Amino acid sequence: MATMKYCSECGARISRRAKACPKCGFPFDGSAAAKAQGHSSGTVSHSGGKKGSKNSALAAVLSFFIPGLGQAYNGKWMKGIVMFIASMIIWSIVVFGAVFTLGFGIICLPAGFLPNIYAAYDAYQDAK
Ligand SMILES: [Zn+2]
């Protein structure tokens, strides 16, 4: 009267006529299709997790010339847009300062490169 069997997945004692393990859901139909379906959830997340193969040097170069472009390249669009707007504000202050104060503004010009350098560094870190 062997009407019971053991689940090959979790070892639970279950009815021989059961189509799937009531404890872990492992299918016992014997059909390969049912087995593949039960394990397909594992392969979906696997294909989505293949990231991090970005070119960090390219991201840095992009962000140095146009702050935020490297972030967009990394898939971080919001960060890229915020960085682009911030750098435009800083650049306009520096450029207007250089035009209206002449001598003093020229000293401030290198400050305009700070967001570019920061964006390049940030894009490089994100791409790694
Ligand atoms: Zn089981």
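Ala20's amide H: which non-local residues (gap 5+, or another chain) put their own amide H closer than 5 Å, with H modeled 1.01 Å from N in plane and none for Pro or chain starts?
When sequence neighbours closer than 5 places are left aside, the close amide H contacts are Phe28.
Starting with the fewest neighbours, write out Asp122, Asp29 ranked by other beta-carbon atoms found within 10 Å of each beta-carbon.
Asp29, Asp122
Using a cut-off of 15 Å between beta-carbons, work out the net charge of the residues near Met78 (Lys and Arg +1, Asp and Glu -1, Met78 not included).
Neighbourhood net charge equals 0.
With a bin width of 5 angstrom, please list the P(r) values of the stretch 56-127 as percents of all Cα-Cα pairs, from the 0 bin to the one holding the largest distance.
Cα pair-distance distribution for the stretch 56-127, in percent: 4, 22, 25, 18, 13, 10, 6, 2, 0.
A short reminder: the numbers here are calculations on the coordinates, not readings from a lab. As the structure is a computational prediction, the values presented were derived from the model and not from experiment. Cβ coordinates were reconstructed from backbone atoms using ideal geometry, including for glycine residues, and neighbour counts include every protein chain displayed.
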